[in-house]
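Notes to accompany the following structure.
What follows draws every value from the coordinates through simple rules; no lab data is involved. Note that the structure is predicted; figures quoted are calculated from it, not measured. A quick note on method: Cβ atoms are made from the backbone with ideal geometry, for glycine too, and the neighbour counts reach across all protein chains shown.
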Ligand code: ACM
């Protein structure tokens, strides 16, 4: 080989190795959801007791972020980092962490971020504090799982807290990345709800759908109607075992969130860039409200806060007094929840009582409605108009398509994807929560070996392979699919531990569906990343299901 070809070979080898470095993934990035792209380099950043966290600008949100990082590090390592404004950092020689709010960075996405680790510095840059928050969540997962300790463990001295040099560019695939929790069939205290929210934040989810009212309990304090919680939050007894068992525990059960508690949870979520979408069910699933205020039903009869599960015939009567009541309730709900979306339910509302009610039939005649489905549509549209007048938008379960969709409603498709497809084709926004893949109250393994669940069968793999964009939609129509959500209905989930067992790790798979580009997803590799993620969840005290633990 002559000198020139030797030189070309050396050059080619050098070129290939450097350019390959940009595409290879030599460093096993154990982050869930998997980022869009990254390149690893040489060396590492060493966390030290003298490191400082710098903020590019002062604001309440930036300060919260700085303290969030400082707390994370301090509680696991004892290393105390001060949080300072960036301008004082120029001469700083120690390793530092910089949170840089920068509208000019090369990320064209409001939730995106750039995370650059060099031996000298960790720098997270983003056009918004939301992007910075997600960069912080990735940084958190670049540290060993032991970073999750809330008190330094005895072993913390021996842990290598360094992070390899890396450059990560990241942004989400979908704008709506949600998890739901039914706190009505069973009630979960504020501390648990906060833990649930913090876990969503760690997985870069941004919506918490809080299902607050049901046949079996009303869980939100409403000042104007105190009986909603005095009466409606309590049931006499609860079904034991599976639906149809006909065995009851005869133990009074209930609970509710005060306004102050709700404000506290809303604030906690907002600090973690999560919007809480409250759900106030109407016109069905309203036994508990009617037990408290029977005058808003169609019949003079006794209503009960239900002790068993299923669908009940009790339904709000579509008369003016009822609309006044619901508008009062929603006014207080809007005071507590800044979310643009208010979920108004709309599912599983049997029409028998409307068929038998003179009042309901007269209203149908007055409004020229041809059947009770159109009456439900009238009901939902009245509520939509009211909420729109206050700058809010409704989300409803896919039954709100029946009898005519309210003009600006977003549809949450749960009975499969059919409702979502229909709504998207009509130009309505859609959130996909099809029961096959997104109902985390389903069994996740052989029911013979699992704790009691409602039924169904949805494995971690089913969730991982779910894609919220149905083949039936054109690219144009697909733009109406805002994202997706996992639902945790709690008929058979009586404790926070069991919520976690049902939700995790399935929620981690959904997080990746919602964040990561399809071409980056890899089921086998996800399971590998999950192993170190399990260690993280162990330290966080999350009672996840262990079927995929190796
Ligand atoms: C639902 O699962 N009933 C929305």
Any idea what diffusion coefficient region 435-485 gets from Stokes-Einstein, in µm²/s, Kirkwood Rh on alpha carbon pairs, 4 °C, 1.567 mPa s?
103 µm²/s
How long are the three semi-axes of the equivalent ellipsoid of region 425-550, in whole Å, if each is the root of 5 times an eigenvalue of the C-alpha gyration tensor, listed from largest down?
27, 18, 12
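Ranked highest first by the average count of other Cβ atoms within 10 Å around their residues, in what order do 453-464, 127-138 fall? Can you show the working numbers first?
Working: 453-464: 18.2, 127-138: 22.4.
Top to bottom by mean Cβ count within 10 Å: 127-138, 453-464.
Mind running the shape call on region 329-371? Use the C-alpha gyration tensor, a ≥ b ≥ c as the square roots of the eigenvalues: rounded below 1.5 for a/c, prolate if a/b tops b/c, oblate otherwise.
Working: a/c = 2.98, a/b = 2.39, b/c = 1.25.
Prolate is the answer for region 329-371, as a/c is 1.5 or above and a/b outweighs b/c.
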How many times 2.2 N^0.38 Å is the alpha carbon radius of gyration of region 382-422?
1.17
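For a protection proxy built on the mean count of beta-carbon atoms within 10 angstrom, sort 64-74, 492-502 highest first, please.
On the way: 64-74: 18.5, 492-502: 20.2.
Answer by packing, highest mean first, reads 492-502, 64-74.
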Size of region 221-366 along its principal axes in angstrom, Cα-based, largest extent first?
48, 44, 25
Rounded to the nearest 10 degrees, what's the angle between the helix 3-23 long axis and the longest principal axis of the chain, both from Cα atoms, 0 to 90?
30 degrees
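Considering Cα pairs under 8 angstrom that are at least six residues apart, work out the relative contact order of region 29-140 and quote it in whole percent. Don't skip to the answer; put the middle values down first.
Working: 191 pairs, mean separation 29.5, N = 112.
For region 29-140, the relative contact order is 26 percent.
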Let me understand region 49-196 better: what is its radius of gyration from the alpha carbons, and its Dmax, in angstrom?
16.7, 58
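Relative contact order, percent, of the chain when contacts are C-alpha pairs under 8 Å separated by at least 6 residues? Don't skip to the end; give the middle numbers.
Working: 1124 pairs, mean separation 74.1, N = 550.
Across the chain, relative contact order equals 13 percent.
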Tell me the angle of helix 129-142 to the major Cα principal axis of the chain, expressed in degrees between 0 and 90 and rounded to the nearest ten.
60 degrees
Taking region 285-417, how much of its Cα-Cα pair set, in percent, is spaced more than 21 angstrom apart?
42 percent
By what distance, in whole Å, do the Cα atoms of region 95-176 stretch along each of the three principal axes, largest value first?
43, 31, 16
Just to confirm the number: angle between the C-alpha axis of helix 523-539 and the first principal axis of the chain, 0 to 90 degrees, nearest 10?
80 degrees
Would you calculate a helix-derived [θ] at 222 nm for the chain, using -39,500 (n - 2.57) for each DSSP H run of n ≥ 4 and dividing by the full residue count, to the nearest 500?
-10500 deg cm²/dmol
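Quick one: in region 314-385, what % of C-alpha pairs are over 13 Å apart?
Numbers: 1725 of 2556 pairs.
Above the 13 Å cut-off, region 314-385 has 67 percent of its Cα pairs.
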Computed over the chain, the distribution of all Cα-Cα distances in 10 Å bins, rounded to whole %, is 3, 17, 26, 24, 16, 9, 4, 1, 1, 0, 0
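Over every pair of different alpha-carbon atoms in region 147-287, take the mean of 1/r and invert it; report that Kirkwood radius in Å. It would help to have the intermediate numbers written out before the result.
Values: mean 1/r = 0.0555 Å⁻¹.
Answer for region 147-287: a Kirkwood hydrodynamic radius of 18.0 Å.
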Show log10 I(q)/I(0) for region 68-133 at q = 0.13, 0.23, 0.26 Å⁻¹, two decimals, from a solvent-free Debye sum over equal Cα scatterers.
-0.40, -1.08, -1.20
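Please give the length that would be gained between residue 267 and residue 300 if that part of the chain were fully extended, namely 0.36 nm times their separation in residues minus their C-alpha to C-alpha distance (nm, one decimal). Spell out each step's value before the answer.
Working: separation 33, 0.36 × 33 = 11.88 nm, distance 4.09 nm.
Contour length minus the Cα-Cα distance gives 7.8 nm.
Run the numbers on region 137-215 and let me know its relative contact order in percent, using alpha-carbon pairs under 8 Å that are six or more apart. Could you put the intermediate results ahead of the total?
Values: 51 pairs, mean separation 28.7, N = 79.
For region 137-215, the relative contact order is 36 percent.
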Just grab the label-to-label distance for residue 495 and residue 367, each label 7 Å out from Cα along the Cβ direction, in nm (one decimal).
4.6 nm
